[in-house]
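The values are calculated or read from the model by the stated rules, or taken from the named source; none is laboratory data. Here the structure is a predicted model, which means the values were calculated and not measured. Cβ: placed from backbone, ideal geometry, glycine included. Neighbour counts: every protein chain shown.
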Amino acid sequence: MLIAITHFKILISKDIIHFNTISSCIDYLLLRTPMSDNELSSFLCQLIHSGFPKEKIIIHTSTKLLESFRLTAIHFRENDPTALTYKKEHPDISVSISAHSPESVKKAQDNHLDFVLYGHIFESSSKKSLPPRTHQEVRDALSYDIPVVALGGINSATINQLPAGFGGISAISALMDASPNQITRLKEEWQILNLM
């Protein structure tokens, strides 16, 4: 599973062009943005109208937008109780959370969530003041029976250091600022790692 996460910014038509350019290389696009629901609704109309596959869109937090656009996946912050109740009430929707501890991964598993974004695994520009997860924390997080998607500092230079066992990789800069060829190479490197 390869999840591209948007930069935390107002999304514009130029972004739609990039998202469509990389759509065949990614499994999901997580829209994480400071935009209001009304602004994001307008953007989603444009994105879907442009031909971007609806089934690849993960909306962040807004159940209203998820339902009004009939999307199939939503992501929540760590410890957001809405994730647990929403999954219980809508088992057909893919519900994921961010997780920064093995305990959060276990809680997601126990509540039948679909996957977690776990990190940060490597040093990351978005988490400059925080140390990455320790090797033991990563091992513990990967011991649960839920897909754990690696997040944080993953790029062509770090991908070969990623421990085995992750159910996928996610990134902001390495996917939002990359060409389809670069993304394909990153995905292939990750797949090779999982065969070893």
Q: Would you mind telling me which numbered condition in (1) within 18 Å of residue 83 (Cα to Cα); (2) crowded, with 18+ Cβ neighbours inside 10 Å residue 61 fails?
A: (2)
Q: List every residue pair whose Cβ atoms sit under 6 Å apart, with the two residues 6 or more apart in sequence or on different chains, where the first one lies in segment 180-196 and is under 11 Å from residue 156 (Cα atoms) and hydrophobic (A, V, I, L, M, F, W, C) and the second, anywhere, is surrounded by fewer than 16 Cβ atoms within 10 Å (Cβ to Cβ) and at pLDDT below 95.
A: 186/156
Q.
Tell me whether segment 165-176 contains one or more residues that are among the small types (Gly, Ala, Ser), touching a Lys or Arg at 6+ places or on another chain (Cβ under 9 Å) and assigned to a helix (DSSP H, G or I).
A. no
Q.
Condition first: farther than 12 Å from residue 142 by Cα and either buried (at least 24 other Cβ atoms within 10 Å of the Cβ) or not charged (D, E, K, R) (or both). Now tell me which residues in segment 101-127 satisfy that.
A. 108, 111, 112, 113, 120, 121, 122, 124, 125, 126
Q) So is residue 70 at positive phi, basic (Lys, Arg) and surrounded by fewer than 19 Cβ atoms within 10 Å (Cβ to Cβ) or not? A) yes
Q.
Looking at residue 130 and the list (1) aliphatic (A, V, I, L, M); (2) in contact (Cβ under 8 Å) with a residue 12 or more places away in the chain; (3) surrounded by fewer than 18 Cβ atoms within 10 Å (Cβ to Cβ), which single condition is not satisfied?
A. (2)
Q. Can you name the residue in segment 9-42 that is among the acidic types (Asp, Glu) and closer than 22 Å to residue 97 by Cβ and, of all such residues, is nearest to the chain's Cα centre (by Cα)?
A. 27
Q: Report, by residue number, each residue of segment 23-48 that is within 10 Å of residue 10 (Cα to Cα) and either among the aromatic types (Phe, Trp, Tyr) or not in a helix (DSSP H, G or I) (or both).
A: 32, 33, 34, 35, 36, 43
**Q.** Matching entry among 165, 153 (being touching a residue at least 12 places away in the same chain (Cβ under 8 Å) and surrounded by fewer than 19 Cβ atoms within 10 Å (Cβ to Cβ))
**A.** 165
Q: Evaluate segment 6-26: report whether one residue or more is within 29 Å of residue 122 (Cβ to Cβ), crowded, with 20+ Cβ neighbours inside 10 Å and among the polar types (S, T, N, Q).
A: no
